[in-house]
Each structure stands twice: as C-alpha cells, then as structure tokens.
Amino acid sequence: MKKKLFTLTKKEEQAGSMFLIEGEISVEALDAEKKTALLKFQQIVSIDGFRKGHIPENKLIEHVGALALLEEQGSLALEASYEEIIKEVGIGAIGSPLVSITKIAPGLPLGFKIETAVIPEITLPGYKKIAKEVMNKKEEEITIDDKEVDEAIEDVRKSVAHQKLHDKVGETENHDHEFKAEDLPVVDDAFVKTLGKFENVEDFMSKIKSNLLNEKQVKAREKKRIDTMDQIIKDTKVEVPEVLIESELIKMIGQFKDSISSMGLSYEQYLERVKKSEDDIRIEWKGEAKKRATIQLVLNKISTEEKVIADEKEIEHQVKELMTYYKEADPVRMQNYVETMMTNEKVWKFLEDQK
C-alpha cells in the first residue's frame, strides 16, 4: 500500500460553495521533491563562473536560499498530493484552488491551507424538453446566392493583391488602400491553382460556395445552441462560486490580449486608447464571465445526469496530438482541457438529438 505523505487537520465547508482544507506535508514528501526542485532552479538560475544547468548543489542552494528551496519542495509536494487530498476529503473540487503555505521550517512537516470551490447544488429545469422545442423550431432554408460567392472571390483577390504588395514594399510601408480592378489578379485556372488544390475556376467556385454554406450552417447550429442554453440557465437554480467567475474572467482577458496582439496592439495600448483600467474591464465583463461559468456547470450536470462522457481513447489521442504542437504545456492541464471540451461537445450533441 502506498504510504500517505500528508495529514489533514481541518476540513470545513464555507459560504459561496467553497471548502477549506488544512494539514501538513511530511518531511519524507518534502525530501522526495528536493532533486526536482534543484533541477528547476538549475534551469533558471545564472551564476558567474558556472555554466547554466551545471552549478554545484551547494553553490545553487547558497544563491537561492535554503528557505526558497524548501518552499519549492513544498509546492511540488502539494501539487503531487493534491488529488489524493481531495479524494480523502471526498469533495467535488472544481476550478483552480488557492494554496498557501502556513508553516515552514527545515526538518519539520510543512503546513498548508487549501481553499477550493466545490461543485455547488444545481437544480436544472426540463432541459430535454427545452432542447427539443428549440431544435425543432423551423428555420428558413440556408442557401448561398451568386452575389455571396462573388463577394467571397473578390475578398480572395484583394487578399492576394495585398500580400503581393506587402512582399514588395515591406512591413514598414503603409499600403492599406483600395485596389483598382486592374490591380487585382484575374480569376482563371492558373490563378486558382496557386491558391490550393483546385482543378479549375469552376471547382474553385464550387468549393467557395460549399465553404460559405458550411459557415452559415455552423452559425445556425451555434445560434440554436445559444438559444437552448439561454432558456435552460434562465430557470436554473445555482450559486456560482466566485472562483469560477474569476477563472472565466482570466480566460476572457487572456483571449482578448491574444486577439489584439495579433492586430499589432498591446493590451496596455488598448486600455490607454479606450481610457479604461483592467478593473473597469473586469467589472464590465463579470456578468458574461458568470454566464459562462453557469453554462459550464449546467453542461457538467447534464453530463453526470445522462452519463454522457467523452471516450478515453479519443481524449488520449487528442492530448497527444496537441502536445506535439504545445510542447511546453502542462500535460495535466491539457488533459483536463481536452476532456472538458470533448465532453461538452458530447452533451451538446445529446441536446441536439432531442429532436
């Protein structure tokens, strides 16, 4: 039997669907993480006269400090024991926990405190009936006309012309202007073959039309999903933990930063232009963050109630594939992310099948 490397001294429910855990990590558990902690410091610490990653242990400890090393050992030990701690307490922990060290000294157990959100009580309305009503609602037939195809092809021509001009004058030149018709490439068989695996202009136009139709169908499906969930959460009874709302806010702001960065604008520049602080953004977006957190709780509940879960082999395959592109990603976080996304999709399909 695996030896338990922690003891729990306090387990307490708190307001707002939060739970408090206090305890100690054994000296043995701390010692087991010393090698890993030292390796981590070897990778980030630089000392004159030594190659990075090849600093003698005594010099490395002297540089970072024995207490900093012990704190890192404690963090690693807590991370390694977290799931087992939660399992022993017997709670459904969700979100990112707030973990703090309460007592630390050489040769003694490390004291810790964990504050985590737990799955709150949630009462759903008749979600299958709601889904059936929304999914069966008759919509206008989705079609694509010639004008839409022509506009899409025109966008392609302008994009190619912009790229050619960009390659010619370089990034520092301002070339954001309208092109004359004669400046745009002629759409013939030779041109479309430079864009991809198209046999001729007719094949190119056919695939453009197919893509546009698919985009409209996806948007229509998303609209029905949104309408379905809006009706479900309207009558759902749940107290959303603040930590989940905060988690959603962090994700929203992170995604927004990536979005404006791709346009060549920093987050700080954006805030300056709109004359707002991050606190202003957080206040404005908190309602949407709460809605997103509520939706995830609802999806989780339906998954549990209907036993709708993603296939383990499919999850494993997707995780492996993503890790080849994001080699620095935390495998555990990636596993959780993929499992959540794939399970969510299974739940959505379950709701759509209520037709």
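Remarks
- Among (1) in contact (Cβ under 8 Å) with a residue 12 or more places away in the chain; (2) surrounded by 17 or more Cβ atoms within 10 Å (Cβ to Cβ) - the single one F198 does not satisfy: (1)
- Scan of segment 261-315 for residues that are over 19 Å from V338 (Cα atoms) and touching a Lys or Arg at 6+ places or on another chain (Cβ under 7 Å), ordered by number: Y267
- For segment 105-123, a residue qualifies if it is farther than 12 Å from G23 by Cα and not in a strand (DSSP E or B), and the qualifying residues are A105, P106, G107, L108, I119, P120, E121.
- Given (1) in contact with an Asp or Glu (Cβ under 6 Å, 6 or more places away or on another chain); (2) outside the structural domain of A32 (by TED's automatic domain parsing), number of the condition A77 does not satisfy: (2)
- Residue count, segment 189-237 (criterion: part of a loop (DSSP other than H, G, I, E, B) and in contact with a Leu (Cβ under 7 Å, 6 or more places away or on another chain)): 1
- Residues (surrounded by 14 or more Cβ atoms within 10 Å (Cβ to Cβ) and at pLDDT below 90) located in segment 1-26: L5, S17, M18
- All of I295, I302, I281 fail the test of being without any contact (Cβ under 8 Å) to a residue 40 or more places away in the chain, more than 22 Å from E83 (Cβ to Cβ) and either in a loop (DSSP other than H, G, I, E, B) or of a type in the set (A, V, I, L, M, F, W, C) (or both), apart from I281.
- Residue in segment 321-340 that is more than 18 Å from the chain's Cα centre (by Cα) and either under 29 Å from K224 (Cα atoms) or in the same structural domain as I226 (by TED's automatic domain parsing) (or both) present: no
- A single member of I55, I25 is closer than 30 Å to V89 by Cα and not basic (K, R), and it is I25.
Quick grid of which residues meet (1) under 27 Å from the mean Cα position of the chain (by Cα); (2) under 17 Å from L108 (Cβ atoms); (3) in a loop (DSSP other than H, G, I, E, B); (4) polar (S, T, N, Q):
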residue	(1), (2), (3), (4)
E13	no, no, no, no
G16	yes, no, yes, no
K35	no, no, no, no
D48	no, no, yes, no
R51	no, no, yes, no
I61	no, no, no, no
L70	no, yes, no, no
I91	yes, no, yes, no
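- In the set (1) closer than 26 Å to M135 by Cβ; (2) modelled with pLDDT under 90, the condition left unmet by R333 is number (1).
- Test: K209 is surrounded by 13 or more Cβ atoms within 10 Å (Cβ to Cβ), closer than 26 Å to L124 by Cα, touching a residue at least 12 places away in the same chain (Cβ under 8 Å) and in contact with a helix residue (DSSP H, G or I) (Cβ under 8 Å, 6 or more places away or on another chain): no
- Subset of segment 27-47 that is touching a residue at least 40 places away in the same chain (Cβ under 8 Å) and of a type in the set (A, V, I, L, M, F, W, C) - its residue that is surrounded by the most Cβ atoms within 10 Å (Cβ to Cβ): L30
- Residue within segment 93-100 that is of a type in the set (G, A, S) and surrounded by fewer than 17 Cβ atoms within 10 Å (Cβ to Cβ) present: yes
The values are calculated or read from the model by the stated rules, or taken from the named source; none is laboratory data. Just so we're clear, the structure is a prediction, and the values are computed from it rather than from any experiment. Heads up, the Cβs are rebuilt from the backbone with ideal geometry, glycines too, and the neighbour counts pull from every protein chain shown.
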